[in-house]
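Only one structure is covered here, and it is reproduced in the block below.
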Amino acid sequence: MSFNFDERVERNHTDSEKWLKYRDQDIIPLWIADTDFRVAPAIQHALSERVAQGVFGYADDQGELAKAAMQWVEKQYHWTIDPDWVVPLSGIKPLFSLLQECLLSAEQNSVCHTPIYPPFTQSARNAQRAQRLIPYPLFEQPDFLGTSLPALTAQERLLFICHPHNPGGKSYSREALQQLAEYAEHYDLLVCSDEIHADLLLEPGRRHTPFASLSADSAQRSITLLSAAKAFNLAGLGCAIAIVPNNRLREQIRRAVAQRMPVPNSLGIVATLAAWQRSEEWLVAQRHYLRGNRDLLVKSLQALPALRLVVPDAGFLAWIDASGLQQANPHRWLEQQGLGLTAGAPFGDPQAVRLNFGCCRSQLDEALTRLHNAIQQAYARF
Ligand SMILES: Cc1ncc(COP(=O)(O)O)c(C=O)c1O
């Protein structure tokens, strides 16, 4: 079957946060992390059938989500799990604060890389705890392996990793994960590995390695977060899972989730099952398309020395050092040029911006042409 990712889907009337932000302005939205692609046909079909039922009470997936997750991670990552390890969730973001509150004692803290998807650091503030930030110098050393890991104190108990990394678009190699696993073992850390972008490794033949799959030890200290939201463009449907092999840890999390979070959205469950059970062909085609977009972006930015790109190998987000523009606020300056990227400051780097290339190629092309023209005009004097 062929899929048309070149279609320009009209999103102005789809309640889209991404598109509403710049409604009535000539600014191309390349920010928040959803793509502009229509979902896989099997998902659309499953949702239509479910919507036609017309009743939307609290959902009970009767273990279907766990079974589908087990089959998906076995096939995609060669990771064998027990469906009992799966805790269904209505989303991933709230879990960061919830884990700090339910797993850490009052004196204990978390550890996290920076730059990072902002909710990781916000969660420490929400939980009123300190957080140890480990610099991940993406522009100097995009391969995580070899970045130094600091000595910790007994207070630091929970390590957050974002694998593949947002905003860097980098998937951690097995060797890098091994280094993190040894670190976690040395300091006896619990590890929350957010692997929401795992199904979007862009290089053909490359397979995602879950942190928890490294060894029995890493499994027992891990909480792996997964969902179909990014790879299948379902972010508005509220459904995800945590995979927690350790019984005691899982029961603690299950209890906290039951008290504090809504149950997964019933349409989200239907869509996730259709994604994992019947949409792999679409996903492969989408990865191919995203790879083409990534290559176009890389080529285009090579001609703009004021912008330094971390070449992404996973996902549809690109992290760009814009300090060469010599603007106090590069994000704002780009908006003034008609380009709506994500500001780097909340991620930990005010001179960086994040560009979402999960759109049809003609839109990306238009955005890159706009970028070239703006830089040429503003910096012609150089
Ligand atoms: C790394 C990462 N984790 C979590 C989320 C959000 O997940 P959810 O919508 O399930 O809360 C995102 C969204 O961009 C993300 O990039």
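Bear in mind these aren't lab numbers, they're just calculated from the coordinates by the rules spelled out. Please read these numbers as outputs of a predicted model, since none were measured by experiment. Methodologically, a virtual Cβ is constructed for each residue, glycine included, from the backbone with ideal geometry; neighbour enumeration extends over all protein chains shown.
The table that follows gives values for the structure above.
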| quantity | calculated |
| --- | --- |
| Charge dipole magnitude, Cβ of K and R +1, D and E -1 - the range 55-277, Cα centre, debye nearest 20 | 400 |
| Gain upon complete extension [His288, Glu175; 0.36 nm per residue less C-alpha separation] | 38.1 nm |
| Which of Thr342, Thr369 has the fewest Cβ neighbours within 10 Å, and the rest in rising order | Thr369, Thr342 |
| Spin-label model distance (nm) - Arg11 vs Thr153, 7 Å beyond Cα toward Cβ | 4.4 |
| Student exercise, the chain dipole from Lys, Arg, Asp, Glu Cβ charges, in Debye to nearest 20 | 460 |
| Cα centroid separation - the range 76-100 against the range 213-233, whole Å | 7 |
| Segment Asn247-Arg361, extension gain: residue separation times 0.36 nm, minus the distance between their alpha carbons | 36.4 nm |
| Compactness relative to 2.2 N^0.38 Å, alpha carbon Rg of the chain | 0.98 |
| Order of Ile243, Ile116, Ile27, Ile134 - criterion: other Cβ atoms within 10 Å of each residue's Cβ, fewest first | Ile134, Ile27, Ile116, Ile243 |
| Span from the the range 7-23 Cα centroid across to the the range 239-303 one, whole angstrom | 22 |
| Restraint check, Lys18/Lys170; Lys21/Lys299; Lys21/Lys93; Lys67/Lys93; Lys75/Lys299; Lys67/Lys170, Cα-Cα greater than 31 Å | Lys75/Lys299 |
| Förster-model FRET efficiency, 25 Å R0, Val55 and Arg255, C-beta, rounded to 0.05 | 0.30 |
| Computed lengthening from Gln337 to Ala380, 0.36 nm per intervening residue step minus Cα-Cα distance | 14.0 nm |
| Share, in percent, of DSSP beta bridges within the chain that are antiparallel, nearest 5 | 50 |
| Residue-averaged [θ]222 nm for the chain, counting only DSSP H segments that reach four residues, each worth -39500 (n - 2.57) | -11500 deg cm²/dmol |
| Kirkwood Rh and Cα Rg combined as Rg over Rh, evaluated for the range 55-277 | 0.94 |
| Global form of the range 154-274, assessed from the alpha-carbon gyration tensor, a/c cut-off 1.5 | oblate |
| Efficiency of FRET between Asp26 and Gln122 - r from beta-carbon atoms, R0 30 angstrom, step 0.05 | 0.45 |
| The range 1-123: C-alpha pair distances exceeding 19 Å, % | 73 |
| Neighbour-count ranking [beta-carbon atoms within 10 angstrom, fewest first] of Met261, Met70, Met1 | Met1, Met261, Met70 |
| Max mean-square fluctuation residue, GNM over the chain, Cα-Cα springs under 10 Å, options Gln122, Gln53, Gln286 | Gln53 |
